[in-house]
Amino acid sequence: FINRCDHRDKRRNIECQGRFARNRLPRREPERTERLGVVMQDPRSQFFMGTVGDEIAFSAENLGVDPAETVRRVHAAAETCGVEGLLGEKLSELSSGQKQRVALAAAIACGPAVLVLDEPTSNLDAQGSEALVRILAELKRRGTAVVVSEHRLHQLLPVADAYVCLRAGRVVERWSAD
C-alpha cells in the first residue's frame, strides 16, 4: 500500500495494486475478494459460519467457485495455517490462537495478492504469535503482499520489509527493516 494523492479528486487515498481504493478498485465484489484478504483484530467479528471448514469455504462459495475447487482451496488454506485437523470443529469451541489461524485461512482461501491484518497478535500468547509470524513468512515467500497494523513490532521483525508510522492518517516516518 502506498498512501498518495489521487490527481482526480486531490484527497488522500490508498493505492492498491495500481488502483486507488476509493475510486478505482473494482466495484464488483468478486474481484475485490479475490485481490484482498483481511484479518481483523478480533477474528470472531468476521466469522459468518459455525464450523471451521464452512468458514474457510465461505468466500469461495459466495464467489461461485466450483465445489471441487472450493474443497481444494479450503484444504490448502487450512494446511498453510495449521488448522487442517479442525475443519469439522465449531468455531465457538476454539482457542484465540486457533480462531486467528482460521480467520487467516478464510482470508487466504481465494488467493489474494494483498493480505491486510489489523493487530493480529493482540489476543495471542508468545507461541501463537510465533506461529502466526511463521505463516505470514510463508505467505510472503509465496508472493502475497502482507500489510500489518500492529503496536508490537518486534514480533514481526522476521517478516517485515519496512515499517511506516501513521499519524492522523498520514505517513510521518518510514524505516527499512534492514
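Identify the single condition in (1) modelled with pLDDT of 95 or more; (2) assigned to a helix (DSSP H, G or I) that Gly88 does not satisfy, given that it satisfies every other one.
Just one mismatch for Gly88, condition (2).
Applying the selection to the range 146-173, what residues are touching a helix residue (DSSP H, G or I) at 6+ places or on another chain (Cβ under 9 Å) and under 18 Å from Asp118 (Cβ atoms)?
Within the range 146-173, Val146, Val148, Glu150, Arg152, Gln155, Leu156, Val159, Ala160, Tyr163 meet the criteria.
Let's see how each residue does on (1) in a helix (DSSP H, G or I); (2) of a type in the set (D, E, K, R); (3) free of Cβ contacts under 8 Å to residues at least 60 places away in the same chain; (4) exposed (fewer than 12 other Cβ atoms within 10 Å of the Cβ):
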{"residue": "Leu136", "(1), (2), (3), (4)": "yes, no, yes, no"}
{"residue": "Lys140", "(1), (2), (3), (4)": "yes, yes, yes, no"}
{"residue": "Val148", "(1), (2), (3), (4)": "no, no, yes, no"}
{"residue": "Val159", "(1), (2), (3), (4)": "no, no, yes, no"}
{"residue": "Trp175", "(1), (2), (3), (4)": "no, no, yes, yes"}
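Return the residue satisfying two criteria in turn: it lies in the range 107-134 and is touching a residue at least 40 places away in the same chain (Cβ under 8 Å) and part of a helix (DSSP H, G or I), and of such residues it is surrounded by the most Cβ atoms within 10 Å (Cβ to Cβ).
Taking the candidates together, the pick is Ala107.
Kindly establish whether Leu104 is touching a residue at least 40 places away in the same chain (Cβ under 8 Å), of a type in the set (A, V, I, L, M, F, W, C), part of a helix (DSSP H, G or I) and surrounded by 15 or more Cβ atoms within 10 Å (Cβ to Cβ).
Against the criterion (touching a residue at least 40 places away in the same chain (Cβ under 8 Å), of a type in the set (A, V, I, L, M, F, W, C), part of a helix (DSSP H, G or I) and surrounded by 15 or more Cβ atoms within 10 Å (Cβ to Cβ)), Leu104 qualifies.
Does Gly88 satisfy being over 12 Å from the mean Cα position of the chain (by Cα), exposed (fewer than 13 other Cβ atoms within 10 Å of the Cβ), closer than 24 Å to Ser45 by Cβ and touching a residue at least 60 places away in the same chain (Cβ under 8 Å)?
no
For Glu79, only one of the following conditions fails: (1) of a type outside the set (Gly, Ala, Ser); (2) in contact with a helix residue (DSSP H, G or I) (Cβ under 6 Å, 6 or more places away or on another chain); (3) without any contact (Cβ under 8 Å) to a residue 24 or more places away in the chain. What is its number?
It fails just one condition, (2).
How many residues are outside any loop (DSSP other than H, G, I, E, B) and under 18 Å from Gly88 (Cα atoms) if we restrict to the range 44-72?
Within the range 44-72, residues that are outside any loop (DSSP other than H, G, I, E, B) and under 18 Å from Gly88 (Cα atoms) number 17.
Do you know which of the residues in the range 40-58 that are of a type in the set (A, V, I, L, M) and at pLDDT 95 or above is farthest from Ala106 (Cα to Cα)?
Met49
The values are calculated or read from the model by the stated rules, or taken from the named source; none is laboratory data. Predicted model only: the values in this text are computed from it and were never measured. Glycine gets a Cβ as well: all are built from the backbone with ideal geometry, and neighbour counts include every protein chain shown.
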